[in-house]
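Notes for the one structure printed next.
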Amino acid sequence: MKKIGALLLIMTISFTLFGNMVVAHELVESDVRAMGAVLMDGKTGRVLWGKNEDVKLAMASTTKIMTALVALENGDMNSTVKASKRAAMAPKMHMGLSAGEEFKLSDLLLALMLESSNDAAVAIAEHISGSVEGFCAMMTWKAHSIGAVDTMFETPSGLDSDNHFSTAHDLALITRYALDNPDFVRLINTREASFTSSLRTYSFVNKNRLLREFDGANGVKTGFTGKAGQCFVGACKRGDMQLISVVLASGWGDGGREQKWRDTKAILNYGFDNYRYEQVVAANQPAGTIAIERSKTLQMDTVLSRELNLPLSKQERDSIVIDINMPAALRAPIEVGQGVGSAKVFIMGELVEEIPITAVSSAARHDLKTSLERVVDTWLEMGTNEKVSIVLPEF
């Protein structure tokens, strides 16, 4: 039998210049004071910049992103929440609710995300799961299902606890998932809100300064504890580009409070100044021809099965390499759309995607074996007047 070799084609893709794109200076770790930080593209999940992004750190009230998400996915927003003594005893920040006080769940979510109310977090957790502990288990499970496997939740509020931690990268993954929920997006972009419980009326103003100070900002959540320092998960959309930033432990005290905003704006500005979406691979882009054995079809065209669009800097755009991996020949039969190889996309020498290569047409098998099968089938059908399909052993 003829040995089928492997054919490796290297295709270097060149693109047009970015037009009038402003190229900012490279963002270095010293430009951002946060102990952990990341910039993620919201559309693709690609990390565009990072600093200790996989280091486990306390994350304070950025925890409440997951608290709100689990509540939105598992709760009836019109249901009535009755606050427990445990909720009423939650430390600051709190809305000052009272044990036995009743709220609509959707109203407590406003207190949670605009005011960062810890008592609201406890009340929500107990309402959804029956206990804080059970709710935290739901939060952790949800995080891991999203891919945020370096995250553990022990509180729904984000107050310091030994086994309560995340990473900048995990928080960006969680936020990217949450931003696909329209109710979550409406919640975090609410500037101010008022509602009435069974006892009193509450009014809140969103503490997220980014919404007021940064063009296109659309999220997400502040946080601070003595262990975590100043934290912030931000989001901003300009045109078709949605970026997500995370800073953990940008500092402590008044200086840290201001630094988290400076860190966030520096990261987001770097993203918008340096990255544009580029079509790296077009749908049905030709990938070459492949020889076909044991068929009247001697060769067949192949294509890359799907398109690939990525946010790229100019430097990355100039470094794209696509490696096409297909065997030198395939034996029929081949079906249209059948996988025949793969294309590996490298950027700056790093593998970022692998795309299947598929056949654009079919090729029926035609050799001595199939010819004999057709002869036998015809002979038997003549004697039985029934459709026959004989399969002979390979030889």
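The values are calculated or read from the model by the stated rules, or taken from the named source; none is laboratory data. Treat the numbers as computed from the prediction; the structure is a model and nothing was measured. Backbone-built Cβ (ideal geometry, glycine too); neighbour counts: all protein chains shown.
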Looking at the stretch 1-92, what strands (runs of 3 or more DSSP E) fall wholly within it and have at least 2 residues that are modelled with pLDDT of 95 or more and surrounded by 12 or more Cβ atoms within 10 Å (Cβ to Cβ)?
36-41, 47-51, 80-82
Out of the stretch 168-217, which residues are of a type in the set (Lys, Arg) and closer than 14 Å to Ser116 by Cα?
Arg191, Lys207, Arg209
Looking at the stretch 57-93, which of its residues are under 19 Å from Met138 (Cα atoms) and of a type in the set (S, T, N, Q)?
Ser61, Thr62, Thr63, Thr67, Asn74
Tally the residues that are among the hydroxyl-bearing types (Ser, Thr, Tyr), part of a loop (DSSP other than H, G, I, E, B) and more than 20 Å from Gly226 (Cβ to Cβ), restricting the search to the stretch 240-262.
0
Count of residues meeting criterion [assigned to a helix (DSSP H, G or I) and more than 29 Å from the chain's Cα centre (by Cα)] in the stretch 93-122:
1
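Can you name every residue in the stretch 273-302 that is touching a residue at least 12 places away in the same chain (Cβ under 8 Å), surrounded by fewer than 20 Cβ atoms within 10 Å (Cβ to Cβ) and among the hydrophobic types (A, V, I, L, M, F, W, C)? Break it down into steps so the answer makes sense when it comes.
Our first condition is that a residue be touching a residue at least 12 places away in the same chain (Cβ under 8 Å); within the stretch 273-302, this holds for 273-297, 300-302.
With surrounded by fewer than 20 Cβ atoms within 10 Å (Cβ to Cβ) added as a condition, the list becomes 273, 276-279, 282-284, 286, 288-289, 291, 293-294, 296-297, 301.
Selection gives Ala282, Ala283, Ala291.
Starting from residues that are of a type in the set (Val, Ile, Thr) and closer than 10 Å to Pro156 by Cα, keep the ones in the stretch 104-144 and report whichever is surrounded by the most Cβ atoms within 10 Å (Cβ to Cβ). Spell out how you get there, then give the answer.
Pass one, the stretch 104-144, residues of a type in the set (Val, Ile, Thr): 122, 124, 128, 132, 140.
So of that shortlist, the ones also closer than 10 Å to Pro156 by Cα come out as 122, 124, 132.
Details: Val122: 26, Ile124: 29, Val132: 22.
If we take residues in the stretch 104-144 being of a type in the set (Val, Ile, Thr) and closer than 10 Å to Pro156 by Cα, then Ile124 is surrounded by the most Cβ atoms within 10 Å (Cβ to Cβ).
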If you go through the stretch 259-281 one residue at a time, do you hit one that is in the same structural domain as Ala111 (by TED's automatic domain parsing), within 19 Å of the chain's Cα centre (by Cα), at pLDDT 95 or above and within 23 Å of Lys92 (Cα to Cα)?
no
Going through the stretch 153-183 one residue at a time, which ones are touching a residue at least 24 places away in the same chain (Cβ under 8 Å) and farther than 18 Å from Val55 by Cα?
Thr155, Pro156, Ser157, Leu159, Arg176, Tyr177, Ala178, Leu179, Asn181, Asp183
